[in-house]
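Note sheet for the following structure.
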Amino acid sequence: MIEDGQLLNYVGGAWKRSRSGEFQDVRNPATAETIVRVPLSSREDVDEAARAAQAAFPAWRRTPPLERVQYLFRFKRLLEEHFDEIAQLTTQECGKTLAESQGELQRGLENVEVATGIPSLMMGYNVEDIARGIDEHMLRQPVGVVAAITPFNFPGMIPLWFLPYAIACGNCFILKASEKVPMTMSRVFDLVEQLGLPPGVLSLVNGGKETVDALLDHPDVRAISFVGSSPVAKYIYGRAAANGKRVQCQGGAKNAVVVLPDADMEMTTRIVADSSFGCAGQRCLATSVAITVGEARSPFTEHIAQVASSRKVGYGLDSGVEMGPVITPESKQRIESLIAKGESEGARVLVDGRNPAIKGYERGYFVRPTILEGVNPHGEIANTEIFGPVLSLMHAQTIDEAIELVNSASFGNMACLFTSSGAAARKFRYEAQAGNIGINIGVAAPMAFFPFSGWKESFFGDMHAQGRDAIEFYTQKKVVVERWPKEWSRTF
Ligand code: NAD
């Protein structure tokens, strides 16, 4: 909800102005025009949301699961009815193409669909006669008030990795969406308002670091889900855990694909280009390093340079555009200086996307697809998340050498292999140190009913987002051991 050019928070079932008086401009990255002002909410704003959630919790947890999921069925219908309008907002504030915005919203919706299975998904288990006449049960109960803090690059999908499971399990949920892209969720919460949920079950608090810190410190908030960069993930993991909260933090990435000589080069380069340059490379599952093995080097390099140079870059709402801008001028500057850093470390800029002129969008934050060849595996850019449309090429003599390069990275979000050999695929799947593996797939994004399972510096915590892990995260187990001696009970 927007009032006088500023976004409101949704707290206790009503739209409210933040009390902080501090704002940040939200700009369309293709045009640099200000769309709206987002409040940077204060501790008081967070406290109000947490209290409303805490007050709603006792009745909400007693609401039967089958009744709780009826709200999600309505939510799904409303999201579908407003699908294109929400996707357009995402493109306006985030820059990605309309097809990409539609794609991410669809993946978010799938989480709403999976969460409607909660009556079965949150079942416990039991064993009779663990000793004579004694039975033992495991029950799942909601955690209480839970919160999620989300990044700029998937304004529609990532909040939906958490929200549906949290409330379906009987928790009350507070979202702090990215202050760079707050419009998408603001519009989604217009729809939440129409669901008729009890006030306080779902809240939206806009803001930045101070808002996050208030959530991390609030005694009523029992669990924190985070998705964003690794340094912030580590900080949030530490501070929330020190405050006794359950935490799951998904961090940054530097994903590699390995291309064997027996791969179908035409298909491989098309898929790798989509993975590297889709969403302007601002995807935690983007391919940022391609390692060719043996004779794969020259055909892959030739093809990928061709595909990268011909990608149509522009405003994501214009037809035919395949890649939009990056999120901010700071981001553009950072990406371009990392390309220069790569050059200074000995790489050759095979395709140079710096400072492009995009007709009609001269003020936009554009970087065209860029390819760096011969990147030093021990240099800075080989190990830094660039988070832009930049693909680094490396070469190995054998698959073992390539896997070693993959595993030397500090991140472990995704690793992919392109081949027509089953034995090579099995070896890679077995040995690569990453939580999401793609075989002849460029973006190995798990479906909603599988966990999003990053490793190493890409994840801090135990239970991942989505699927059964989400049920584990949003419920606490209670084990009941019971005995009913005959002599203590009235017999009928
Ligand atoms: P970010 O870490 O800058 O911000 C993420 C969230 O944290 C935002 O809501 C922001 O307000 C908040 N935040 C930022 N700095 C903070 C601080 N110092 N203290 C407390 N809160 C803070 O990330 P971003 O730039 O919005 O998103 C891009 C990053 O997210 C990339 O590193 C990308 O790889 C990562 N990402 C990871 C996944 C995954 O599944 N692993 C998915 C998407 C994005």
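Some notes on this structure:
- Ordering of 64-76, 456-468 by burial proxy (mean other Cβ atoms within 10 Å per residue, highest first): 456-468, 64-76
- A dipole drawn for segment 1-56 from +1 and -1 charges on Cβ atoms has a positive end, and of Gln24, Ala50, Asn9 the residue lying farthest that way is Ala50.
- The dipole here belongs to segment 300-420: it is taken about the Cα centre, uses +1 on the Cβ of Lys and Arg and -1 on the Cβ of Asp and Glu, and is about 560 debye.
- Relative contact order computed over segment 277-331 (Cα-Cα under 8 Å; 6+ residues apart), in percent: 33
- Mean-position separation - Cα centroids, segment 282-327 and segment 371-412, in angstrom: 16
- Here the extension length gained between Glu380 and Arg490 equals 32.0 nm, from 0.36 nm per residue of separation less the Cα-Cα distance.
- Residue-count net charge about Glu48 - beta-carbon cut-off 12 Å; Lys, Arg +1, Asp, Glu -1: +1
- Taking segment 353-492 and dividing mean pair separation by its residue count, relative contact order in percent (alpha carbons under 8 Å, at least six apart): 15
- CD proxy at 222 nm, helix term only [per DSSP H run n ≥ 4: -39500 (n - 2.57); per residue of the chain; nearest 500]: -11000 deg cm²/dmol
- Here's how it looks for Gly12: its modeled amide H is under 5 Å from those of Gly200, which are all 5 or more places away or on a different chain.
- DSSP beta bridges in the chain [antiparallel fraction, %, rounded to 5]: 45
- Solvent-accessible area, 1.4 Å probe, carbon plus sulfur percent, for segment 1-130: 49
- Fraction of accessible area attributable to carbon and sulfur, segment 341-492 (%, probe 1.4 Å): 51
- Cα convex hull of segment 202-358, projected area averaged across orientations, nm²: 12.9
- Charge dipole of the chain about the Cα centre (unit charges at C-beta), most positive-ward option of Met185, Phe154, Val307: Met185
- Relative to the Cα centre, the charge distribution of segment 402-482, modelled as +1 at Lys and Arg Cβ and -1 at Asp and Glu Cβ, gives a dipole magnitude of about 180 debye.
- If the segment from Glu431 to Glu81 were pulled out straight at 0.36 nm per residue, it would be longer than the present Cα-Cα gap by 121.6 nm.
- Sorting the Cα pairs of the chain by distance into bins of 20 Å, from 0 upward, gives 23, 52, 22, 3, 0 percent per bin.
- Averaging the Cα positions of each part gives two centres, and for segment 112-156 and segment 413-492 these lie 14 Å apart.
- Residues of type lysines that Lys312 reaches as a straight line, Cα spacing below 30 Å, ignoring anything fewer than 8 places off in the same chain: Lys96, Lys180, Lys254, Lys332, Lys341, Lys359
- Amide H contacts of Phe23: Leu40, each under 5 Å away and 5 or more positions distant or on a separate chain (H built 1.01 Å from N in the peptide plane; Pro and chain starts excluded).
- Dipole magnitude (debye, nearest 20) for the chain, charges at Cβ of Lys, Arg, Asp, Glu: 980
- Accessible surface calculations at 1.4 Å, restricted to protein heavy atoms, place the chain at 41 Å² per residue.
- Positive-end residue of Ser421, Met447, Ser458, charge dipole of segment 345-492 with Cβ unit charges: Met447
- Computed over the chain, relative contact order equals 18 percent, with contacts defined as Cα pairs under 8 Å that lie 6+ residues apart.
- For segment 190-263 versus segment 17-60, the gap between their alpha-carbon centres in whole angstrom: 15
- Multiplying the residue separation of Ser120 and Asn243 by 0.36 nm and subtracting their alpha-carbon distance yields 41.1 nm.
- For Ser392, the residues whose amide H sits under 5 Å from its own are Val289, Ala290, Leu372, ignoring neighbours fewer than 5 places away on the same chain, with H placed 1.01 Å from N.
The values are calculated or read from the model by the stated rules, or taken from the named source; none is laboratory data. This one's a predicted model, so the numbers in the text were calculated from it and none came from an experiment. A quick note on method: Cβ atoms are made from the backbone with ideal geometry, for glycine too, and the neighbour counts reach across all protein chains shown. SASA here: full protein model, heavy atoms, side chains in, ligands and nucleic acids out. Shrake-Rupley method; radii C 1.70, N 1.55, O 1.52, S 1.80 Å.
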